[in-house]
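Colleague: Take this structure first; my questions come after.
Every number in this text was worked out from the coordinates using simple rules, so none of it is lab data. Treat the numbers as computed from the prediction; the structure is a model and nothing was measured. Positions of Cβ are backbone-derived with ideal geometry, glycine not excepted, and every protein chain shown enters the neighbour counts.
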Amino acid sequence: MLARWVKNLKECAVYTREGYTGEREPGTIGFATIRAGDIVGEHTAMFADIGERIEITHKASSRMTFANGAIKASGWVCARNSGLYDMKDVLNLDNL
């Protein structure tokens with residue numbers, strides 16, 4: 001399933017549109033990366049149409065946030081048997 005999803009993403013992903021204006025081709029998904037100043041981590045998922053958009057944003061003001069998350073995740077995985085896990089397992093989302 002993951003391989004199929006990645007293959008589909010490769011077919012429809014459009015990265016960096018420098019110099020291009022106007023609409024993307026139908027069926028494509030646009031990705032953009034911006035690095036600026038002292039921004040440590042700012043991530044926004046945007047779902048947009050003509051005249052409206054929904055945005056979900058995460059902002060981290062310290063790299064320590066990411067380091068703490070990595071330490072917690074490593075502690076979690078050390079307490080598990082060998083196997084394949086994903087973030088739903090780590091965050092215990094199946095039990096909500």
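Colleague: Which of rounded, prolate, oblate describes region 5-46, given a ≥ b ≥ c as roots of the alpha-carbon gyration tensor eigenvalues and a/c under 1.5 marking rounded, otherwise prolate only if a/b is larger than b/c? Can you show the working numbers first?
Modeller: Values: a/c = 2.72, a/b = 1.52, b/c = 1.79.
Because a/c hits 1.5 or more and a/b fails to exceed b/c, region 5-46 counts as oblate.
Colleague: If exposed chymotrypsin sites (Phe, Trp or Tyr not before Pro) are those in a DSSP loop with at most 13 other Cβ within 10 Å, what is the longest stretch of the chain that has none?
Modeller: The longest uninterrupted stretch comes out as 21-84.
Colleague: As a test of the formula, what do you get for the chain when each DSSP H run with n ≥ 4 contributes -39,500 (n - 2.57) and the sum is divided by the residue count, at 222 nm and rounded to the nearest 500 deg cm²/dmol?
Modeller: Working: 3 runs with 31 residues, N = 96.
Rounded to the nearest 500, it is -9500 deg cm²/dmol.
Colleague: While we're looking at this one, here's another question. Could you list the trypsin sites (Lys or Arg not before Pro) in region 2-96 that lie in coil according to DSSP, counting only those with at most 14 other Cβ atoms within 10 Å of their Cβ?
Modeller: Numbers: sites: R4, K7, K10, R17, R24, R35, R53, K59, R63, K72, R80, K88; in loops: R17, R24, R35, R80.
Filter output for region 2-96: R17, R24, R35, R80.
Colleague: Next up: Using the Karplus curve 6.51 cos²θ - 1.76 cosθ + 1.60 with θ = phi - 60°, work out ³J(HN,Hα) for each residue of region 51-65 in order, rounded to whole Hz, and write x for Gly and Pro.
Modeller: Rounded to whole hertz, the list is x, 7, 7, 10, 10, 10, 10, 10, 10, 10, 9, 8, 5, 4, 4.
Colleague: With log10 I(q)/I(0) by the Debye sum over Cα atoms at q = 0.14, 0.16 Å⁻¹ as the read-out, I listed [x] -0.97, -1.11; [y] -0.56, -0.69; [z] -0.89, -1.08; which label goes with the value calculated from this structure?
Modeller: Evaluating log10 I(q)/I(0) by the Debye sum over Cα atoms at q = 0.14, 0.16 Å⁻¹ on these atoms matches [z].
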